[in-house]
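Have a look at the structure below before the remarks.
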Amino acid sequence: MITEYFKMALSSIRGAKFRSLLTMFGIIIGVSSVVTIVSLGEGVKHQVASKVDEVSDSLVVIRPGKKTEAKAFNLDSLRTFIGNTGSLSEKDWRDTEKVTGVKSVVPIGIVSGIVTYDSQEYLDGNIIATTKDLPSLLNQKLAFGEFFDESQYTRNVAIIGVDIAEKLFQENVPIGKSLNIRGKDFIVQGVFEQQKSATFAELNLNNSILIPYDAARQIGGTIQLMQLYVEAESPEKISDVAKNITSTLTKNHAGQEDFTIQGKEEALKTTNAVFYQITLFIAGVAFISFIVGGIGIMNIMFATVSERTREIGIRKAIGATNAQILGQFIMESAVLSFVGGFIGVLFALIANAIFRVTTDLQPVTTLNIVLIAVGLSSFTGIVSGLLPAAKAARKDPIASLRSEL
Amino acid sequence: MTSKSPLISIEEVSKVYGFGDATTVALEEVSLTINKGEFIAIMGPSGSGKTTLMNIIGLLDRPTHGNYKLNDKNVARIGKIKQAKLRRDNIGFIFQSFNLLPRLTVLENVALPLAYKGVMQTRRLKAASNALAEVGLKDREYYLPSQLSGGQLQRAAIARALVNGPSIIIADEPTGNLDSVSARVVMELLSDIHKLGNTVLMVTHNPSLTRYADRIIYMLDGSIVYDEATAVGEIPKRVQNAVNSLRSSDEEEKLANVSALMETMPGPDKEKPKAKKKKSKKRGKKK
Ligand SMILES: Nc1ncnc2c1ncn2[C@@H]1O[C@H](COP(=O)(O)OP(=O)(O)OP(=O)(O)O)[C@@H](O)[C@H]1O
Ligand SMILES: [Mg+2]
């Protein structure tokens, strides 16, 4: 009998296409927006997680300033430096290197100055003073050339990101060309591969010029230490190392803990916490949109039932039981909202494709969310079809037969 | 005839609508016995309770008082589910306004009673197709009701009423919306069905159609005032006289006036006209 109801539902939906579309409207909008938002969220989550995965498991990041939970994750920090107050000194760097369990420390220092090439200024990029272990620690590969090694620390060499190559040199492989920082020429000896998104290390390599720390000191100006990447001897030692660094640096900073130490796990934890909140929010939106959609369906189903009173009378006269009428209308409502949910998912997939093409976002639509969305909308349809269907089932056949067809 | 128990046995059935000052007595202690294979024409003026009686016999409605035995089973107070199933299995309805569902094809319409019975799709479409062939609509199976003439619609409705193999066909003014030619075709069909041994109950306002029946019941104010067997093909004298006594030259109008005229005609069993207090002659307004 279920398949009968299904066929009946299909035929009456086909018979009133516009009305059916109207009925599904709420569900379509609800499902498509929820699926789109969840897909975007999943996409960002994947990007963050995969980036965090790429960096060394033994990595710990020290940043100046006390970070609050809320600031731990925002979309801006994914792409640019956070201009946090507070400071790290070279002494902090050197002392950290001496902490037990620390294998190496890589400084990230912002060098003040303007970059020129061919008497053309480039103001958007960052000049970063660092040391040789940065690529291995961030798991960042070079597309061309090589990173500098210890023997080149005092030489004026530079490794650049893809955006710099494109915008400043306007070519893909400007190796051997030189750019000018504070009146000194630096020879480009390597170009990074495209960095897909900023790591939890919060460093946009695509738009950076990396030079040896010692060379940066030689050309004068200030170097502001934005971060220290610390590699522990092994991943298990991370928490001990973090504790030791904290006590060392607190001493250096006159007893104040005006810096933040974050391991990979913690970075994931904070992003997960934020995503949990986002998920709750989406669930709330979904809940409301399903209720609104459900009320819409109920409304129109009530109208449909009154309009089809005569039909109900005829069906009863030729032998339909109340239960069969009930089943027919519930099925109709369920099919309407199932189809609405399905169309909503299609819209969401289209929206995601548009996002993928027009923005950097990489929305991920999982089968789970699709099933949940379609399942929930069918459920909504069944629930909101109950009352109208009961009304239809209870109709008196004789009175119904007398009403207009 | 007396040895077998009757198909339908109604005892002192009353139907009262509304309550208080708005009470309408649609049927008043009607008793009626119908045997298998009868073709009964039911006549009477508008509001005399013909449809009400058909609805009760057809298990669409329930009597307020009295007993109704169908196939020796008491069905006057059965539950709604049982009522629907008995209706589905025993009754075939034919309405004045055809009542085919506009969105289904003729074939699907005819197959619908079998769907509610739980017959599989292929089998029920085949049965529906056969039923349509019997009423001469084989070539209209996939038409929509809106694409058929009134006569064709009523034939399709007859096929739908027959598809279940019901024991009783109830036709409430089946030719009321048809021209005389279509009406004839429909009546011949009903007559054929009757000849095959089916029981047919037909309400009509047209006295000339009583010639297809083998029994005529005349109703007045909720009671049966005339119940007489006739030979098929013959219009009883009483009805004939009523028609003849009309001087109107317009055939249509003549037929329409017959009922009004017959209202004054006394029944054979000379039932004293009961004093009925509250009764509206108008058809119940729906609300
Ligand atoms: N639902 C109802 N509520 C109140 N009164 C009703 C209802 N249905 C029928 N009646 C009344 O019952 C009486 C009999 O109605 P019924 O429809 O049986 O007449 P009928 O003989 O079929 O008339 P017609 O020839 O016009 O079809 C009428 O007086 C009518 O007004
Ligand atoms: Mg009637």
Practice task
Kindly check whether there is at least one residue in the range B:19-31 that is farther than 24 Å from residue A:402 by Cβ, more than 14 Å from chain A (Cβ to nearest Cβ) and within 16 Å of ligand 1 (Cβ to nearest atom).
Solution key: yes
Practice task
Scan the range A:16-47 residue by residue and report those that are over 24 Å from the mean Cα position of the chain (by Cα) and either surrounded by fewer than 22 Cβ atoms within 10 Å (Cβ to Cβ) or not assigned by TED's automatic domain parsing to the domain that holds residue A:275 (or both).
Solution key: A:16, A:17, A:18, A:19, A:20, A:21, A:22, A:25
Practice task
Kindly indicate which of A:325, A:312, A:318, A:350 is touching a strand residue (DSSP E or B) at 6+ places or on another chain (Cβ under 8 Å) and either within 14 Å of chain B (Cβ to nearest Cβ) or free of Cβ contacts under 8 Å to residues at least 60 places away in the same chain (or both).
Solution key: A:318
Problem - Pair list, Cβ < 7 Å and 6+ apart or interchain, from the range A:89-102 residues that are in a helix (DSSP H, G or I) to residues that are among the hydroxyl-bearing types (Ser, Thr, Tyr) - result: A:95/A:248; A:96/A:248
Problem - Condition met for residue B:196 (surrounded by fewer than 17 Cβ atoms within 10 Å (Cβ to Cβ) and away from ligand 1 (no atom under 16 Å from the Cβ)) - result: yes
Fill in the blank from the handout: Counted residues in the range B:169-196 being within 14 Å of the chain's Cα centre (by Cα) and within 16 Å of ligand 2 (Cβ to nearest atom) come to 7
Exercise for the section: Would you mind stating whether residue B:94 is within 15 Å of ligand 1 (Cβ to nearest atom) and either more than 30 Å from residue A:15 (Cβ to Cβ) or charged (D, E, K, R) (or both)? Expected result: no
Exercise for the section: Determine which member of the set A:261, A:282, A:278 is in contact with a helix residue (DSSP H, G or I) (Cβ under 6 Å, 6 or more places away or on another chain), more than 30 Å from residue B:115 (Cα to Cα) and not in a helix (DSSP H, G or I). Expected result: A:261
Problem - Members of the range A:363-405 that are within 14 Å of chain B (Cβ to nearest Cβ) and among the basic types (Lys, Arg) - result: A:394, A:395, A:402
Handout entry: Options B:71, B:67, B:90; residue that is free of Cβ contacts under 8 Å to residues at least 60 places away in the same chain and polar (S, T, N, Q)
Key = B:67
Practice task
Only one of these is of a type outside the set (Val, Ile, Thr), out of contact with any helix residue (DSSP H, G or I) (no Cβ under 8 Å at 6 or more places or on another chain) and either more than 19 Å from residue B:217 (Cα to Cα) or within 16 Å of ligand 2 (Cβ to nearest atom) (or both): B:74, B:35. Name it.
Solution key: B:74
Exercise for the section: Please name all residue pairs, on different chains or six or more residues apart, with Cβ atoms under 6 Å, provided the first residue is in the range B:197-221 and is within 14 Å of chain A (Cβ to nearest Cβ) and the second residue is more than 16 Å from ligand 1 (Cβ to nearest atom) and not in a helix (DSSP H, G or I). Expected result: none
Exercise for the section: Just give me the residues in the range B:50-82 being away from chain A (no Cβ under 14 Å), of a type outside the set (D, E, K, R) and out of contact with any Ser or Thr (no Cβ under 6 Å at 6 or more places or on another chain), in sequence order. Expected result: B:67, B:68, B:70, B:71, B:74, B:75, B:76
Exercise for the section: Inspect the range A:368-389 for any residue being among the β-branched types (Val, Ile, Thr), within 19 Å of the chain's Cα centre (by Cα) and assigned by TED's automatic domain parsing to the domain that holds residue A:300 and give the result as yes or no. Expected result: yes
Completion exercise
Note on the range B:34-68: residues in a strand (DSSP E or B) and within 12 Å of ligand 1 (Cβ to nearest atom) are B:42, B:43
Practice task
Please indicate, with yes or no, whether at least one residue in the range A:311-327 is in contact with a helix residue (DSSP H, G or I) (Cβ under 6 Å, 6 or more places away or on another chain) and over 29 Å from residue B:55 (Cβ atoms).
Solution key: no
Problem - Filter result for residue B:14 (surrounded by 15 or more Cβ atoms within 10 Å (Cβ to Cβ) and more than 14 Å from every other protein chain (Cβ to nearest Cβ)) - result: yes
Handout entry: Subset of the range A:293-308 (residues that are more than 10 Å from chain B (Cβ to nearest Cβ) and in contact (Cβ under 8 Å) with a residue 60 or more places away in the chain)
Key = A:293, A:294, A:295, A:296, A:297, A:298, A:300, A:301, A:302, A:304, A:305
Exercise for the section: Starting from the range B:33-49, take each residue that is within 14 Å of chain A (Cβ to nearest Cβ) and list its partners that are in a strand (DSSP E or B) and within 15 Å of ligand 1 (Cβ to nearest atom), counting only C-beta distances under 7 angstrom and pairs at least six apart or across chains. Expected result: B:49/B:26; B:49/B:27; B:49/B:219
Completion exercise
Over the range B:199-240, the set of residues surrounded by fewer than 20 Cβ atoms within 10 Å (Cβ to Cβ), more than 16 Å from ligand 1 (Cβ to nearest atom) and assigned to a strand (DSSP E or B) is B:215, B:228, B:229
Fill in the blank from the handout: Residue pairs within 6 Å by beta carbon, gap of at least six or interchain, first lying in the range B:9-30 and basic (Lys, Arg), second away from ligand 2 (no atom under 16 Å from the Cβ), listed first then second, are B:15/B:63; B:15/B:64
Practice task
Sort out for me the helices (runs of 4 or more DSSP H) sitting completely within the range B:83-175 that have 1 or more residues that are away from every other protein chain (no Cβ under 13 Å) and of a type in the set (Asp, Glu).
Solution key: B:121-134
Exercise for the section: Look at residue B:93 and say whether it is within 16 Å of ligand 2 (Cβ to nearest atom) and over 27 Å from residue B:35 (Cβ atoms). Expected result: no
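The values are calculated or read from the model by the stated rules, or taken from the named source; none is laboratory data. Quick caveat, the model's predicted, so the values are computed rather than measured. Neighbour counts run over all protein chains shown; Cβ positions are idealised from the backbone, glycine included.
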